[in-house]
Amino acid sequence: MPAGMGVVLHDGAAFMVLEERTGGWIVTTPCRTEIFLDEGTLIDRVDVVLDPGHGGPETGSVGPNGIVERDLNLGVAHLTRLALEDLGYSVAMTRERDLHMGIGQRAVIANALSPSAFVSIHHNGGAVRRSSDPGTETYHQVESEASRRLAGLLYEDVHAALSAFDVGWVDTVHQGTSARIRYSGLDVYGILRLTPDLNSAIVEAAYLSNAVEADLLADVEVLQVEADAIARAIDRFVTSDDPGSGFKRAFVDEATTGTGTGWNCDDSGYGRPVSMASGYTEQEYDDLVAMAARAGHSPESLQRFGVYALDFFHALGGRVPLDPLPVAAIPVVSGGSVPIDVTLSWSPADQVVLTRVADAYGLSPAEVQKVGAVLMVFLIGIGG
Ligand SMILES: [Zn+2]
């Protein structure tokens, strides 16, 4: 379980904080890569976390009219957030724009914010059975009475709100409030299974695959009705003992759609690369170039290898005592005595290692870069 250090909101996404570092945070991206992030707003707790399902290449259901569930979920989540804020709740969203995010990352974001309620917003696909009322489905954590009540209230309010519209609804036997489990008894949905300490629920308001429902969901006033219903249910969950309704037996269905894995997730847009120069004397530079040539690499990449080598020694922990370097051992990286700059670009993921090593050795990142290079020159020199 994450330590609950909060999340950094930046560029329409929530990044889970793993560590605070000088000038920023080590976070996990929506693709669950660790990067160094030096911008954004840190929040450590909210009342409610909303998760707009799917995003990016994971579209979810697609309506015959071209509406994509990914976008519909996001729109309803934004409206729900506003409605909750009007009621006085603090709210965070796992994503505030269209982006690719795996289920695991959505769960760690929610866990890090310790909300009173965590609700994943979806719209359904696939049903063909005609129904006189909306095929609203909500899902809860099989082991949690509170999650069950939250899902029951979501069902009750969303189903009642949509019932005001007279269209040719569809449903399945799962209309209502239920838990969907594996043979092992664990929840099928990662959103529920990976947040055991939270009150989590999934709401599937209507069937986007049904043409008349898709047309209904193209009307922003209908989305407002749905969002108000979700907000009302969350408010009742927090402020009342209302039991909710629509309860059905838990059912075993292990089949998953394969969405939400974050597979092929592209991180390249998150964080920013940092260019760093280290200054070398002519003698140091000649040694660096010579050893880089011997190793078949550029002087720039030798600096990077060196930092990764230092990180490796750091990871050995107690076996190699590591203290901040004495001042005399800290290399000079700039100034008149070091005329030759070697500049290296560090990706946001590389910066995780760079800042970790800098903190461990009590050095600036530029100094660590040079210490790494000096170490590599030494190691390659021994290798002869
Ligand atoms: Zn969905």
- Of (1) within 16 Å of the ligand (Cβ to nearest atom); (2) part of a loop (DSSP other than H, G, I, E, B), Asn65 fails just (1)
- Has the stretch 33-43 got at least one residue that is in the same structural domain as Asp242 (by TED's automatic domain parsing) and within 26 Å of Val220 (Cβ to Cβ)? no
- Query: Quick check, is Thr28 among the hydroxyl-bearing types (Ser, Thr, Tyr), within 30 Å of Arg356 (Cβ to Cβ), surrounded by 17 or more Cβ atoms within 10 Å (Cβ to Cβ) and touching an Asp or Glu at 6+ places or on another chain (Cβ under 8 Å)?
  - Reply: yes
- Query: When Leu194 is evaluated against the numbered criteria (1) surrounded by 16 or more Cβ atoms within 10 Å (Cβ to Cβ); (2) in contact with a Pro (Cβ under 9 Å, 6 or more places away or on another chain); (3) among the hydrophobic types (A, V, I, L, M, F, W, C); (4) in the same structural domain as Leu79 (by TED's automatic domain parsing), which criterion, by number, is the only one it fails?
  - Reply: (2)
- By residue number, the members of the stretch 273-308 that are hydrophobic (A, V, I, L, M, F, W, C) and buried (at least 17 other Cβ atoms within 10 Å of the Cβ) are Val274, Met276, Leu288, Val289, Met291, Ala292, Leu302, Phe305, Val307
- Message: If a residue counts only when it is of a type in the set (D, E, K, R) and without any contact (Cβ under 8 Å) to a residue 60 or more places away in the chain, which strands (runs of 3 or more DSSP E) contained entirely in the stretch 69-145 have at least 1 such residues?
- Response: 129-131
- Query: Within the stretch 43-51, is there a residue that is assigned to a strand (DSSP E or B), of a type outside the set (A, V, I, L, M) and within 16 Å of the ligand (Cβ to nearest atom)?
  - Reply: yes
- Note on the structure: Of those in the stretch 164-175 that are surrounded by fewer than 22 Cβ atoms within 10 Å (Cβ to Cβ) and not aliphatic (A, V, I, L, M), the residue farthest from Asp219 (Cα to Cα) is His174
- Query: Can Asn111 be described as polar (S, T, N, Q), within 14 Å of the chain's Cα centre (by Cα) and in the same structural domain as Thr29 (by TED's automatic domain parsing)?
  - Reply: yes
- Among the candidates Glu85, Glu96, Glu20, Glu34, which residue alone is of a type outside the set (Val, Ile, Thr), touching a His at 6+ places or on another chain (Cβ under 9 Å) and surrounded by fewer than 24 Cβ atoms within 10 Å (Cβ to Cβ)? Glu96
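The values are calculated or read from the model by the stated rules, or taken from the named source; none is laboratory data. No experiment lies behind these values; they were computed from the predicted model shown. Reconstructed Cβ throughout: ideal geometry from the backbone, glycine too, with neighbour counts over all protein chains shown.
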